[in-house]
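Reviewing the structure listed below.
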Amino acid sequence: MEEEEEKLVQSYPHYWGFTPEQDYYNHKGIRGTKSEFRTARGLKLFTRSWLPNPTITPRAVVFMVHGYGNDISWTFQATPIFLAQSGFACFAVDLQGHGHSEGLKAFVPSVNLVADDCLSFFNSIKQQNPQFQHLPSFLFGESMGAAICLLIHFLSPEPFNGAVLVAPMCKISDSVRPRWPIPQILTFLARFFPTLPIVPTPDLLFKSVKVPRKKLIANMNPLRYRGKPRLGTVVELLRVTDFLNLRLSDVNLPFIVLHGSADAVTDPDVSRELYREARTLDKTVKVYDGMMHSLLFGETDENVEIVRNDVLSWLLARSGGETRLQ
């Protein structure tokens with residue numbers, strides 16, 4: 001990238017550039033809102049919605065969960081904006097310790113409690129908005145967020161019509177998973193020092209995003225966690241991925257799982273195994289040759305369009321709509 005362009009990108013207030021947020025939403029023909037949600041355990045979480053133009057009746061509701069170290073206010077927005085343009089009402093929450101939500105940065109002491117928080121927020125949306133109560137509703141998760149979607153499914157199997165699982169963290173890739181005996185040592189130390197940011201792993205952003213310019217944009221996120229992973233978070237993620245890996249056959253929810261064959265963060269073979277083992281009959285797997293972890297932002301624009309349209313086609317087929325490519 002040319003030096004002048006790099007300097008320009010580094011001054012972006014939004015991932016798309018300098019256009020004010022509401023002006024950008026208006027240009028895309030959608031509505032965006034921000035709010036706060038208080039969980040049953042007293043945490044204040046930041047939430048967003050991306051809704052179709054008021055003249056359009058939503059096709060379905062999509063409840064979205066971001067990944068580890070990410071948030072819902074930077075590049076994550078690209079997908080719900082796209083889906084809202086296609087008639088889907090999208091809602092998401094910054095998880096505990098992420099983005100604008102309360103909690104020590106990137107500290108997730110219990111993924112199960114985070115799943116409870118998400119489910120409570122999603123239920124509140126339907127309770128407070130009668131127009132959504134009879135619409136199909138879907139889960140959408142990226143990486144750790146996809147793992148949380150599966151936990152939500154186990155907590156409450158009935159309310160959702162399906163799930164979009166993008167590079168799900170059902171197993172951490174061997175290229176970033178700590179080697180024996182490090183997990184055993186980390187587990188011991190986490191009992192006493194759970195919040196210490198000392199786990200020796202590489203910055204996942206640079207293993208996730210393929211396009212150099214997009215690496216720069218993703219790294220510009222003012223809310224991105226840049227420290228080393230915390231002991232308690234790593235131990236909890238290892239526990240949850242091991243748990244999910246043992247329960248793949250219990251998944252009884254329609255789903256599409258999407259993964260890049262060159263993903264160095266989560267394991268595409270486990271997505272294939274999820275497809276084989278899941279109990280549901282309505283299941284789809286897409287493994288994209290040569291693509292990396294960040295399928296919906298970090299790839300070339302052409303690759304992102306392929307993945308987006310696979311997601312859109314799957315959702316439309318299960319919400320009574322026809323494919324409308326953007």
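The values are calculated or read from the model by the stated rules, or taken from the named source; none is laboratory data. No experiment lies behind these values; they were computed from the predicted model shown. A quick note on method: Cβ atoms are made from the backbone with ideal geometry, for glycine too, and the neighbour counts reach across all protein chains shown.
Rundown of residues vs (1) within 17 Å of Gly67 (Cα to Cα); (2) basic (Lys, Arg); (3) at pLDDT 95 or above; (4) in contact with a helix residue (DSSP H, G or I) (Cβ under 9 Å, 6 or more places away or on another chain), yes/no style:
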position	(1), (2), (3), (4)
Leu231	no, no, no, yes
Asn252	no, no, yes, yes
Asp269	no, no, no, no
Leu325	no, no, no, yes
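The test for being surrounded by fewer than 22 Cβ atoms within 10 Å (Cβ to Cβ), in contact with a Leu (Cβ under 9 Å, 6 or more places away or on another chain) and at pLDDT 95 or above does not hold for Phe46. Scanning the range 229-252 for any residue that is under 25 Å from Ile152 (Cα atoms), among the β-branched types (Val, Ile, Thr) and not in a helix (DSSP H, G or I) turns up at least one such residue. For the range 132-166, the set of residues classified as at pLDDT below 95 and within 25 Å of His293 (Cα to Cα) is empty. Candidates are the residues of the range 193-250 that are surrounded by fewer than 18 Cβ atoms within 10 Å (Cβ to Cβ) and small (Gly, Ala, Ser); the one that is farthest from Met292 (Cα to Cα) is Ser249.
Please enumerate the residues belonging to the range 272-286 that are of a type in the set (A, V, I, L, M) and surrounded by 15 or more Cβ atoms within 10 Å (Cβ to Cβ). Passing the criteria: Leu274, Ala278, Val285.
Total residues in the range 123-150 satisfying the condition of being buried (at least 23 other Cβ atoms within 10 Å of the Cβ) and in a helix (DSSP H, G or I): the figure is 7. Residues in the range 206-225 that are assigned to a helix (DSSP H, G or I) and either touching a strand residue (DSSP E or B) at 6+ places or on another chain (Cβ under 6 Å) or in contact (Cβ under 8 Å) with a residue 60 or more places away in the chain (or both): 9 in all. Considering only the range 25-32, I want to know if a residue exists there that is farther than 18 Å from Gly99 by Cβ, of a type in the set (Lys, Arg), more than 18 Å from the chain's Cα centre (by Cα) and outside any strand (DSSP E or B). Yes, the range 25-32 contains at least one residue that is farther than 18 Å from Gly99 by Cβ, of a type in the set (Lys, Arg), more than 18 Å from the chain's Cα centre (by Cα) and outside any strand (DSSP E or B).
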